[in-house]
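Working notes for the structure below.
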Amino acid sequence: MTERSKPRIHSRKQPKQARSNELVAAVLEAAAQVLAKEGAHRFTTARVAEKAGVSVGSLYQYFPNKAAILFRLQSDEWRQTSDLLRGILEDTSKPPFERVRILVHAFIRSECEEAAMRVALDDAAPFYRDAPEAQEIKAAGRRTAERFVQEAVPKAPKATRALAAELMTTTLSAVGKQFSESPRSAAQIHAYSEAMADMFCAYLDGLATTPTSKRTSAAR
């Protein structure tokens, strides 16, 4: 059997003039509103074009299909998260554990503030999650985490550092999503973030202070 072709998810072209930028911005704003209201399964280019006040033909100049629009929304969100991760973890003016605490608080707060859109984007993920473009954006975040862990626990083996980076980013994402699915007060967000930061800091401290021989034995 022939493998089913995957939809194109990259934009047809990049806007170069102010008017084109305004059109794309209007389409993306409308897409976010349609996605939040209708959900991923009722999301269509026709609904987006109508909401944006543009023709479907104009929309197709920049986005070949709905998967491309959804991926643009998701990739913008991923890039914002990656920028947040990089900006905090690469700030060497602060000690590593302080950076971890700042990151956890900022990430959990962001998850709660944008919970509705994130849930809708998660539902839309099957349209693009296996695309190379999506994998590269996620890989960039992992590389940032790996560089930070190397700085925080330089004496830990490379494999241990890679595992630590993966565990931290995966846990932060999964737990943040689960926690933000219910309305949370500022006090709840603060308490939860503190507890999660404590957990990460204790984990990294353990990697820094545990002799390599013990870590190797435990991994067997």
**OP:** Estimate the FRET efficiency between ALA162 and GLU113 by the formula 1/(1 + (r/R0)^6), using the beta-carbon distance for r and 45 Å for R0, to the nearest 0.05.
**Re:** 0.90
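For ASN21 and ALA174, calculate 0.36 nm times their separation in residues minus their Cα-Cα distance, and state this gained length in nm to one decimal. Before the final figure, lay out the partial values.
Values: separation 153, 0.36 × 153 = 55.08 nm, distance 3.39 nm.
This chain segment gains 51.7 nm when fully extended.
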Original post:
What length, rounded to one decimal in nm, is gained on full extension from ALA125 through to GLU181, with 0.36 nm per residue of separation minus their alpha-carbon distance?
Top reply: 18.5 nm
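Sort the following peptides by mean Cβ neighbour count (other Cβ atoms within 10 Å, averaged over residues), highest first: 108-121, 173-186.
108-121, 173-186
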Subject >> Most to least accessible of HIS105, HIS41 (protein chains only, probe 1.4 Å) >> reply: HIS41, HIS105
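How do 19-27, 46-54 rank on mean C-beta neighbours within 10 Å, highest first? Write out the running numbers ahead of the final one.
On the way: 19-27: 15.8, 46-54: 17.7.
Put in order of decreasing packing, that is 46-54, 19-27.
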Subject >> Å² of accessible area per residue within the stretch 23-166, as computed with a 1.4 Å probe and no ligands counted >> reply: 49 Å²
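Just to confirm the filter: which GluC sites (Glu not before Pro) across the stretch 67-105 are DSSP coil and have at most 15 other Cβ within 10 angstrom of their Cβ?
On the way: sites: GLU77, GLU90, GLU98; in loops: GLU90.
Taking the stretch 67-105 and a limit of 15 other Cβ atoms within 10 Å, the loop GluC sites (Glu not before Pro) found are GLU90.
Which of the residue pairs LYS94/LYS177; LYS51/LYS138; LYS37/LYS66; LYS66/LYS138; LYS138/LYS158; LYS138/LYS177 have a Cα-Cα distance greater than 23 Å in the structure shown? Don't skip to the end; give the middle numbers.
Numbers: LYS94/LYS177 27 Å; LYS51/LYS138 30 Å; LYS37/LYS66 16 Å; LYS66/LYS138 21 Å; LYS138/LYS158 20 Å; LYS138/LYS177 16 Å.
Listed pairs above 23 Å: LYS94/LYS177; LYS51/LYS138.
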Original post:
If ligands, DNA and RNA are left out, what is the accessible area of THR45 with a 1.4 Å probe, given in Å² to the nearest 10?
Top reply: 20 Å²
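The values are calculated or read from the model by the stated rules, or taken from the named source; none is laboratory data. Being a predicted model, the structure only gives us computed values, none of them experimental. Note that each Cβ is placed from the backbone with ideal geometry, even for glycine, and that neighbours are counted across all protein chains shown. What goes into the accessible areas is simple: the full protein's heavy atoms, side chains included, and nothing from ligands, DNA or RNA. Shrake-Rupley method; radii C 1.70, N 1.55, O 1.52, S 1.80 Å.
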